[in-house]
Amino acid sequence: MVAELHAAGISVNVRTVNDPARRQALTDPGVDGIITDRATEMTGWKAARAGGRR
């Protein structure tokens with residue numbers, strides 16, 4: 001579904017993802033943003049994604 005939304009020019013953001021395993025499961029298909037209550041655990045996520053898709 002993420003790929004279809006991206007193909008349509010739509011960014012995909014998910015919210016309140018606090019579990020690291022769930023976060024990885026959402027990162028793998030390429031979500032654009034993650035909202036979490038544990039922001040310090042996300043340090044480096046955006047930088048790591050910058051060289052990825054699109």
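Tabulated data
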| quantity | calculated |
| --- | --- |
| The stretch 27-54 residues that are modelled with pLDDT of 80 or more, paired with ones that are of a type in the set (S, T, N, Q) and part of a strand (DSSP E or B) (beta carbon under 9 Å, 6 or more apart) | V31/N13; D32/N13; G33/N13; I34/N13; I35/N13 |
| Any hit, the stretch 4-20, residues being open to solvent by 70 Å² or more (accessible area, probe 1.4 Å), within 10 Å of the chain's Cα centre (by Cα) and of a type in the set (A, V, I, L, M, F, W, C) | no |
| Any chance R22 is at pLDDT below 90, part of a loop (DSSP other than H, G, I, E, B) and charged (D, E, K, R) | no |
| Tabulated pairs, the stretch 10-21, first under 14 Å from W45 (Cβ atoms), second open to solvent by 70 Å² or more (accessible area, probe 1.4 Å) and outside any loop (DSSP other than H, G, I, E, B), C-beta under 8 angstrom, 6+ apart or interchain | P20/E41 |
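The values are calculated or read from the model by the stated rules, or taken from the named source; none is laboratory data. Not measured: the values here are computed from a predicted model. Cβ sites come from the backbone with ideal geometry, for glycine too, and all protein chains shown count toward neighbours. Remember, those area values only see protein heavy atoms, side chains included, never the ligands or the DNA or RNA. Shrake-Rupley method; radii C 1.70, N 1.55, O 1.52, S 1.80 Å.
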